[in-house]
1. I'm trying to understand the selection: among the residues of segment 75-97, which are touching a residue at least 24 places away in the same chain (Cβ under 8 Å) and either touching an Asp or Glu at 6+ places or on another chain (Cβ under 7 Å) or part of a helix (DSSP H, G or I) (or both)?
2. Against the conditions (1) within 20 Å of the chain's Cα centre (by Cα); (2) assigned to a helix (DSSP H, G or I), where does Ala214 fall short? Just the number, please.
3. Would you mind stating whether Leu101 is over 19 Å from Leu157 (Cα atoms), buried (at least 21 other Cβ atoms within 10 Å of the Cβ) and either modelled with pLDDT under 95 or assigned by TED's automatic domain parsing to the domain that holds Gln51 (or both)?
4. Does Leu49 satisfy the criteria of being assigned by TED's automatic domain parsing to the domain that holds Leu130, modelled with pLDDT under 90, touching a Pro at 6+ places or on another chain (Cβ under 7 Å) and surrounded by 16 or more Cβ atoms within 10 Å (Cβ to Cβ)?
5. Could you tell me which of the residues Ala191, Ala182, Ala139, Ala155 is surrounded by fewer than 16 Cβ atoms within 10 Å (Cβ to Cβ) and assigned to a helix (DSSP H, G or I)?
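The values are calculated or read from the model by the stated rules, or taken from the named source; none is laboratory data. Worth saying up front: this structure is predicted, and the values here are computed from it rather than measured. Cβ placement follows ideal geometry from the backbone for every residue including glycine, while neighbour counts extend to all protein chains displayed.
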Amino acid sequence: MNTLKFALAAGLALVFSFAALAGVSAPASLENYYLNPRPAELPRIMRTLGQQGYLEKPEQAAIAIGFLGALFAQNPERVDGWLLEFNGLPPAQHRLVAAALWQAGNPLGADMLRHLSGSTHPANDAVARLADTASEDIAHTPVLSPSSMNLQWGAFLATGNERYIINILAAIGTDRPGLDSAARYALAQDAAAHPRVFEICRAQLDRQPDESRALLRAALNEAAAQTGRPNI
């Protein structure tokens, strides 16, 4: 798959015209969701996020897309009902929902993106291109940028699946500008806040290449210092 397709699938930056920042926090309704999954409450969660202004913040959009995309993929039988309850969302949030559906591989996502590409939104050309591009499952989407890292984080918050944290680990030790330091910072913060993330990273430590193992150990020790755990 070519670089353009990876970039579209990983960050959807062309759709939203932003460079998302790694290590950003999410509201409690997202941060703790995987500990107590409640798909029936997703419409309420979305409304609350909208009221809080969370979905209007460009740096948060990739997390929201990852979160929604993972839930759409996990609960295809609920999608139609969810969409009916999303009808009252503002246009910007409809773009986010459409992008998450596309990311989940749901054909409704491409249809919604094509419809939105006919609007006057400045990114309509990019939206149309995205609709005609085959999506990549988030678990198989490479981390190429802080934005695509946030996509993985959102999917983890929805599911608690270690695959998404392992994908972020792969960004440590890369030569992409700003990505290595962003991954280390994000994992240090997330491992401090989430015992599950800490344990996933610790279990993966010896499986990392030599050049990234020391960086991951440093991130885990930073998290340990914040929470009173012993050093790794």
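1. Pro76, Arg78, Val79, Trp82, Leu83, Glu85, Pro91, Ala92, Gln93, Arg95, Leu96, Val97
2. (1)
3. no
4. Yes: the conditions hold for Leu49.
5. Going through Ala191, Ala182, Ala139, Ala155 in turn, just one is surrounded by fewer than 16 Cβ atoms within 10 Å (Cβ to Cβ) and assigned to a helix (DSSP H, G or I): Ala139.
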